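Data block below; observations after.
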Amino acid sequence: MALVRGRSDSALQGLISGSLDLDKIEYLKRDAFMCGVNYGDIDVDRLLNSLTVVDDPDGRGRAVGLYEKGLSALESLLFAKYQMYRNVYWHHAVRSATAMYKRLVDGALRAGSLSAETLAAYTDEGLLYELARRAPSQLLSALRERRLYKRVFECPAAELPAGRGEWIADDRALVVAVEDQLAREVGLSAGEILLDYPVKTQMLGLNIPVLRRNGSVRRLTAEGWEGAINLPTLSEELYRSARWLRVFACRPVDVSRDAIVRLATLPADEVRERLASRSLLGA
């Protein structure tokens, strides 16, 4: 029970929750299989055979680590994770459905149709059923019938200044206000245009001790390791190629690419100022 709760001092805790826990190894292959794609190609046997228990180099006792010979198998796991983000988790159809779902839940919470305390008790489908009973809407019908909103704008993160646009991922209240104002400016109703910029997760997050061939133990982290995996550079480049800023709408509308990019790269406070002036797409 202590292992399951993450409170155990056992070295095996790393197999339940850690950089190389069994769920991280399994869910990529399962998701790839269920989606009918071959992106989850991981050398699982070599990876598992390379696991060992070592003395933590930071003095934290015994911990699950990796033989140095398993670094190539670890790289296969990291690239499989990147490919799944790029081609499945952050695919435009998935992101459209996600944006629609988030808008539905947000609206239901604001309207009092749902409470935050009971939200976690529902499955995805169960929540949609409950929303259909309590707060039916055109957006809900479109999502349940898989009439997903289409892209009217998209831009890869690589074309945006570093660190800009994060308010779209982090500030939900501001995003909803911007969506509604954009809808008014292009002739749509509230909830008929949606912004999406995936939260910058730890796609290649890593923190694991490695038993080197000379018998020493070194921790491999997101700071990288010369001669092994240059994670800081690799992670940022993969993020910028897989992550896209998108605008979805219920029907085709014309939006200015330059105006959307300009809006997205503004600081959140300046976006609020534009909201107050009721002009987001203007110069």
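The values are calculated or read from the model by the stated rules, or taken from the named source; none is laboratory data. Computed from a prediction, not measured in an experiment: that's the story for all the values here. Cβ atoms come from the backbone with ideal geometry, glycine included; neighbour counts cover every protein chain shown.
This table checks each residue for (1) outside any loop (DSSP other than H, G, I, E, B); (2) farther than 27 Å from Val261 by Cα.
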| position | (1), (2) |
| --- | --- |
| Ala97 | yes, no |
| Ser141 | yes, yes |
| Val152 | yes, no |
| Ala158 | yes, no |
| Pro161 | no, no |
| Ile168 | yes, no |
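Please report, ordered by residue number, the helices (runs of 4 or more DSSP H) entirely within region 4-61 with at least 3 residues that are surrounded by 13 or more Cβ atoms within 10 Å (Cβ to Cβ) and among the hydroxyl-bearing types (Ser, Thr, Tyr).
Once the helices (runs of 4 or more DSSP H) in region 4-61 are filtered for at least 3 residues that are surrounded by 13 or more Cβ atoms within 10 Å (Cβ to Cβ) and among the hydroxyl-bearing types (Ser, Thr, Tyr), nothing remains.
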Self-check item: Flag if Arg95 is touching an Asp or Glu at 6+ places or on another chain (Cβ under 7 Å), closer than 29 Å to Asn207 by Cα and not assigned by TED's automatic domain parsing to the domain that holds Leu220
Solution: yes
Exercise. Output the residue which, of all residues in region 158-193 that are closer than 19 Å to Arg243 by Cβ and either among the basic types (Lys, Arg) or in contact with a Ser or Thr (Cβ under 8 Å, 6 or more places away or on another chain) (or both), is surrounded by the most Cβ atoms within 10 Å (Cβ to Cβ).
Key: Gly165
Exercise. Return only the number of the condition from (1) under 19 Å from Leu238 (Cα atoms); (2) modelled with pLDDT of 80 or more that Asn49 does not satisfy.
Key: (1)
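Restricting attention to region 240-283, which residues are surrounded by 19 or more Cβ atoms within 10 Å (Cβ to Cβ) and in a helix (DSSP H, G or I)? Full working, then the answer.
We begin by selecting, within region 240-283, every residue surrounded by 19 or more Cβ atoms within 10 Å (Cβ to Cβ); these are 242-250, 260, 263-264, 271, 280.
Passing the criteria: Ala242, Ile260, Leu263, Ala264, Val271.
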Practice problem: Working carefully through the options Leu143, Leu160, Leu139, find the one that is in contact with a Gly (Cβ under 7 Å, 6 or more places away or on another chain) and either under 23 Å from Val255 (Cβ atoms) or not assigned by TED's automatic domain parsing to the domain that holds Leu188 (or both). | Solution: Leu139
